[in-house]
Structures are given as C-alpha cells and as structure tokens.
Number of protein chains: 2
Amino acid sequence: MRLVIAHCAVRYSGRLVAYLPPATRVLMIKADGSVLIHNDGGSYKPLNWMMAPCQLAVSEPDEGARERGVTELWTVQNQKTDDRLEIEVVEVFSDVQQELGHDPGLVKDGVEAHLQELLAEQIALLGNGHTLVRREYPTAIGPVDILARDSAGGSVAVEIKRRGEIDGVEQLTRYLELLNRDPLLRPVRGVFAAQEIKPQARVLAEDRGIRCVVLDYDAMRGVDDADSRLF
Amino acid sequence: MRLVIAHCAVRYSGRLVAYLPPATRVLMIKADGSVLIHNDGGSYKPLNWMMAPCQLAVSEPDEGARERGVTELWTVQNQKTDDRLEIEVVEVFSDVQQELGHDPGLVKDGVEAHLQELLAEQIALLGNGHTLVRREYPTAIGPVDILARDSAGGSVAVEIKRRGEIDGVEQLTRYLELLNRDPLLRPVRGVFAAQEIKPQARVLAEDRGIRCVVLDYDAMRGVDDADSRLF
DNA sequence: TCGTTAATATCGTTG
DNA sequence: CAACGATGTTAACGA
C-alpha cells in the first residue's frame, strides 16, 4: 500500500473518456496494482480509478507537459483491456508506503437472506393459518422467494425485499404469470413483503392485486432465538 | 484530508450490522468528516465507511478492549441517522494530514447521454426513412429516450442503454403501454437499442414484439464530426 | 426535497 | 466464465 498526496491532473480512457483538471488529491496504490484517486469530500467512490490487473509505469513528461509544470507522468495500464489512466504529477506533498498483509474481510448480518429465513419461520405473519410450502421455489425464470398456502389452501407467492421498489413488483408479476399456468397451484396470489415499501411500488402492486406486507426486522429477529445471531 | 495506517478492528451498525476483525488497514478521514476503511486489494469500494454528515470522536478504550491491545477507540456517528462506526485502534504506523482544497471534478464523455445524442443525429440506423420526432419525449411515467417515425409514418419508441438488461425491457414496456393509449401516436412500436444486449433481455424483448438494435458507439462517433469531441 | 435513472457501478452466487 | 440479483449501492438530473 502506497499513499501519495500530490497536485495532479488525470485522464482516463477505456469504456469512456474522462478528465480531471489539476488539483491536489490522494493517490492510493494498492498491493494488487490497482489505483484510486480521491478528493477531500463526496462518498466512498473515488474520482477516478483503475482496477487490477494493471501496472503502473513512471516516465518523464514530454516538453508540453513540462511547460504545464508536470514533473512525472504515471501511466496505469490495464493488462486485459485497453483501459488506461494517465496521471500528470505536478508536485508531491506526501508519499508513504506500508505493508498491510492479508485482510480477513467483512462479516455481515441483516441482509435479505436473513429476512427470508425469518419470514419462512414466522410465515403466520402473512395471516393466520398460513403454512410454508418451501423457500426458493423454482420456476423457469428463477426461484420465488417463498411459496406458501393460506388457511383455505390457496397458493401464495411471496417476493421479499429489504426495500420494496417497482422492480420487485415487476419480478413478482413475472413469477405470478408463470405460476398461474400451473394447474396444481392455480390460482396463485402474490404478496410483496419488505422492510420498507416505496409509494410507487405499493400503487403498482395493489393495482395488480398484489398484497403489500411491511416487515419489522427487529421484531422478527426478537422472536427468533437470540443465540443464532452473529454478534 | 488525514491518512492513517493502523492495525484496527471495526464494527458498523446501521442499515446492517458488520464487523471487521483486527488487521492493518488504511483509514481515510475526509474534510467533510466522512471516513473510509481500505485494505490492500479489491476494487474501489472500501471495506467499510461512514458518509457525511458525521463526526469522529476519540476516546479511551474500556478495560476489556485494553486487554485486547486497543489503545484508542474512534467513534464515527452519523448526525442524521443512527449509523455508527466504531474503530478499535491497536497500533498506528503512519498518520499524515494535508489540506487538499476544492476539486473541480470529473469531465466525462461516452455515457448514455452521448449514445442518445448520436442516435438522434443518425436516426436512420433504425432503418431507412426513419425521422426523429424528439428526444426525451415526455410521458406520465417519465421521458422516453427517443420518439421517431418510420418510413410509413408509424410511431417508434426507442429505449437506449449502454448495456441492455431485463430492467430496460420492462421500462420500455411500461412506456409502450402508455404511448399506445394515445390515439395520435397509436400504434407505437418499440426498439431496444444498446451497445450490448444480454440474452435474457433479448428473449424478453422479442417475446413482446420489441426490436433489438445493437449500437456501435465508436462507429457512430466516427460518423460524427471529430471537432465536436471533448478530448 | 423527493423521485427516477444511470454507472468505468461493485459484489456475491449460481448454473 | 457468464449472467443475474442485491447493494449501508452512489451520483446525476428533474419535478
């Protein structure tokens, strides 16, 4: 890992062409050769970058560049594609290098898979008498999150999202169209279940006869065995 | 901008709960208070982060943490939500601070907007005799990228993507449903135009009577006046 | 501010 | 390897 703070201009060409006018920025060169160029604000996305596999070469600037104050030209070339980053370094304010070693990586909790697991266990949240048929019920265009039966024995297909948006309703609609061709399941009702359902998604769902259910993750997890949690 | 290289463990809680076991990493603290935690590989996405507005507070570790070798506890708290990052710092290897100043930002060329611009200029790529009605043709659910007429005077709605995936077909389908309610336009045919069209998207589009057109950006740009390019 | 759409998206999982 | 869905997506652009 090498961290450089420098006044520089950057040109990228590859899937698109982009240019960063001269300014002071952070250049992060990782062990795998990848380069990130950060400014002093915004979110985690760099202004520009080159991902591995790639190689950094330092060369002398040509005369035109030297007249603009450029002292070094860094060229980062992707080894598989023709993506290329050219960094014109004007002045280096700081240059630090350090071995970081291997990183054990991130452990996560609280994603959609967990919601699905909890709803499968607590399927009565959809209504009294509901029973689980199976999770990830397969169809020709992909698995439905949950297939269940209501108290009257009718089929219920459930699409689960953390945030319910219009795409999720479209997805469930495609599943329902397919499932309703199966004489053993027909008629299949749809349930759109999410921690949060956007107004537009709710309107579309209800317009198509799909029921919306808002899930309370904390409450569902509270019902769940406390020992099974990661932290 | 402050760059710290330190051995540390990190816990995040907010929209999810996540934990980073102890290892040596880069901590980037930006002028707006945001914090990024990077390791020595992967892509531009940090292992963990906190975005502005947030505040960093340094405190003494409790006894349990001190026994694990923690020398400082950094707490980064989001000021609007209850997102929180806790960094247990064990050892600091490097700590650099530098004023970066304002960044003029990135200038881009070659994104979807340019594809749309070029296709509007070269509308005959859809077939001889096609004429442009307008770009960004407004509908109740958002603007259609391009509305055109074919040689017979029939309406053609075009959705443009760099990469054509299933979502784009759904999007165009929604537009077509609406446009076909307009007696002045009806019947409206659909064209899905992209630099690259995924097989599933093509199958869905053609199943719905939508024509797929693959665009060659470089060729289209080559036809375009070379002077109009940014770089 | 909210909502929608694009992105050099990135990232994990699956076939 | 390709394709698909989720992401603490982020970022840009309008209404």
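The values are calculated or read from the model by the stated rules, or taken from the named source; none is laboratory data. In this text the structure is predicted, and so the values were computed from the model without any measurement. Heads up, the Cβs are rebuilt from the backbone with ideal geometry, glycines too, and the neighbour counts pull from every protein chain shown. For accessibility, only protein heavy atoms count, side chains too; no ligands or nucleic acids. Shrake-Rupley method; radii C 1.70, N 1.55, O 1.52, S 1.80 Å.
Which residue, of A:Leu185, A:Leu119, A:Leu126, A:Leu115, is touching a residue at least 40 places away in the same chain (Cβ under 8 Å), away from DNA strand D (no atom under 14 Å from the Cβ) and open to solvent by less than 50 Å² (accessible area, probe 1.4 Å)?
Every option except A:Leu126 fails the conditions.
Return the total of residues in segment A:1-16 being without any contact (Cβ under 8 Å) to a residue 60 or more places away in the chain and either open to solvent by less than 30 Å² (accessible area, probe 1.4 Å) or closer than 14 Å to A:Val89 by Cα (or both).
0
Among the residues of segment B:156-182, write down those that are part of a helix (DSSP H, G or I) and either without any contact (Cβ under 8 Å) to a residue 40 or more places away in the chain or small (Gly, Ala, Ser) (or both).
Hits for segment B:156-182 are B:Ile166, B:Asp167, B:Gly168, B:Glu170, B:Gln171, B:Leu172, B:Thr173, B:Arg174, B:Tyr175, B:Leu176, B:Glu177, B:Leu178.
Can you tell me how many residues in segment B:17-46 are in a loop (DSSP other than H, G, I, E, B), within 13 Å of DNA strand C (Cβ to nearest atom) and either out of contact with any strand residue (DSSP E or B) (no Cβ under 7 Å at 6 or more places or on another chain) or within 21 Å of B:Gln77 (Cβ to Cβ) (or both)?
Number satisfying all stated conditions: 6.
Answer yes or no: is there a residue in segment B:3-23 that is of a type in the set (D, E, K, R) and at the interface with chain A (Cβ under 7 Å from one of its Cβ atoms).
no
Against the definition (touching a residue at least 60 places away in the same chain (Cβ under 8 Å) and either under 24 Å from the mean Cα position of the chain (by Cα) or assigned by TED's automatic domain parsing to the domain that holds A:Val169 (or both)), how does A:Leu132 come out, yes or no?
no
Could you give me the residue pairs with C-beta distances under 9 Å whose first residue belongs to segment A:199-210 and is closer than 15 Å to A:Arg163 by Cα, whose second residue is of a type in the set (Lys, Arg) and more than 15 Å from DNA strand D (Cβ to nearest atom) wherever it lies, and which are 6+ apart or on separate chains?
If the second residue must be of a type in the set (Lys, Arg) and more than 15 Å from DNA strand D (Cβ to nearest atom), the pairs left are A:Ala205/A:Arg211.
Considering only strands (runs of 3 or more DSSP E) fully contained in segment A:55-155, which possess at least 3 residues that are within 14 Å of chain B (Cβ to nearest Cβ)?
Because the criterion is at least 3 residues that are within 14 Å of chain B (Cβ to nearest Cβ), the strands (runs of 3 or more DSSP E) in segment A:55-155 that meet it are A:84-97, A:107-109.
Among residues belonging to segment B:33-45 that are open to solvent by 10 Å² or more (accessible area, probe 1.4 Å) and within 11 Å of DNA strand D (Cβ to nearest atom), point out the one that is farthest from A:Met50 (Cα to Cα).
B:Lys45
What about B:Val223, is it in contact (Cβ under 8 Å) with a residue 40 or more places away in the chain and surrounded by fewer than 15 Cβ atoms within 10 Å (Cβ to Cβ)?
yes
Is it true that some residue in segment B:75-94 is within 13 Å of DNA strand D (Cβ to nearest atom), closer than 30 Å to A:Ala9 by Cβ and surrounded by fewer than 19 Cβ atoms within 10 Å (Cβ to Cβ)?
For segment B:75-94, residues within 13 Å of DNA strand D (Cβ to nearest atom), closer than 30 Å to A:Ala9 by Cβ and surrounded by fewer than 19 Cβ atoms within 10 Å (Cβ to Cβ): absent.
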